[in-house]
């Protein structure tokens, strides 16, 4: 259990949260209709609205 907790702490320090003004990490969103991928990098300099909600 101690090793597990240590790994969680190390993981948190290795991937620190970005600061204000840092570029957003690039990620890919697949389009299931036509096998095309959308990359966040393609929209650099434009406003991107991400409507994320969770139902459950």
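A short reminder: the numbers here are calculations on the coordinates, not readings from a lab. Every value quoted in this text rests on a predicted model; they were computed, and no experiment measured them. Cβ coordinates were reconstructed from backbone atoms using ideal geometry, including for glycine residues, and neighbour counts include every protein chain displayed.
Against the definition (touching a strand residue (DSSP E or B) at 6+ places or on another chain (Cβ under 8 Å) and assigned to a loop (DSSP other than H, G, I, E, B)), how does residue 26 come out, yes or no? Yes, satisfied. For first residues located in the range 33-47 and touching a residue at least 12 places away in the same chain (Cβ under 8 Å), partners that are in a strand (DSSP E or B) and lie 6+ apart or on another chain with Cβ distances below 6 Å form the pairs 39/28.
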